[in-house]
Amino acid sequence: MAIQTNDPRITLVAGGYPLFANGKIAGAIGVGGGTEEQDCAVAEYVVSIFEEETK
């Protein structure tokens, strides 16, 4: 279920994370299909690999 925001262009959901490279937003990852905890765990793993690769 999405979290409501005041900005209609933004929808916050579990499993969605921004990706940063050199302090700037480089993209995002969105994972869905499991439980909230599973989606977050998979997305957090992807973010950790991305951060290692962009050091």
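The values are calculated or read from the model by the stated rules, or taken from the named source; none is laboratory data. From a predicted model like this one, the values you see are computed outputs, not experimental measurements. In this analysis, Cβ positions are derived from the backbone assuming ideal geometry, glycine residues included, and neighbour counts consider all displayed protein chains.
Residues are listed down the side, and each one gets a yes or a no for (1) at pLDDT 90 or above; (2) surrounded by 12 or more Cβ atoms within 10 Å (Cβ to Cβ); (3) outside any loop (DSSP other than H, G, I, E, B); (4) of a type in the set (Asp, Glu):
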position	(1), (2), (3), (4)
5	no, no, no, no
8	no, no, no, no
19	yes, yes, yes, no
34	yes, yes, no, no
37	yes, no, yes, yes
45	yes, yes, yes, no
50	yes, yes, yes, no
**Study point:** Pair list, Cβ < 7 Å and 6+ apart or interchain, from the range 42-55 residues that are closer than 13 Å to residue 26 by Cα to residues that are not hydrophobic (A, V, I, L, M, F, W, C)
**Key:** 47/17
Study note, to complete from the structure: Expected single match for in contact with a Gly (Cβ under 9 Å, 6 or more places away or on another chain), on the phi > 0 side of the Ramachandran plot and not β-branched (Val, Ile, Thr) among 34, 15, 27 is 15
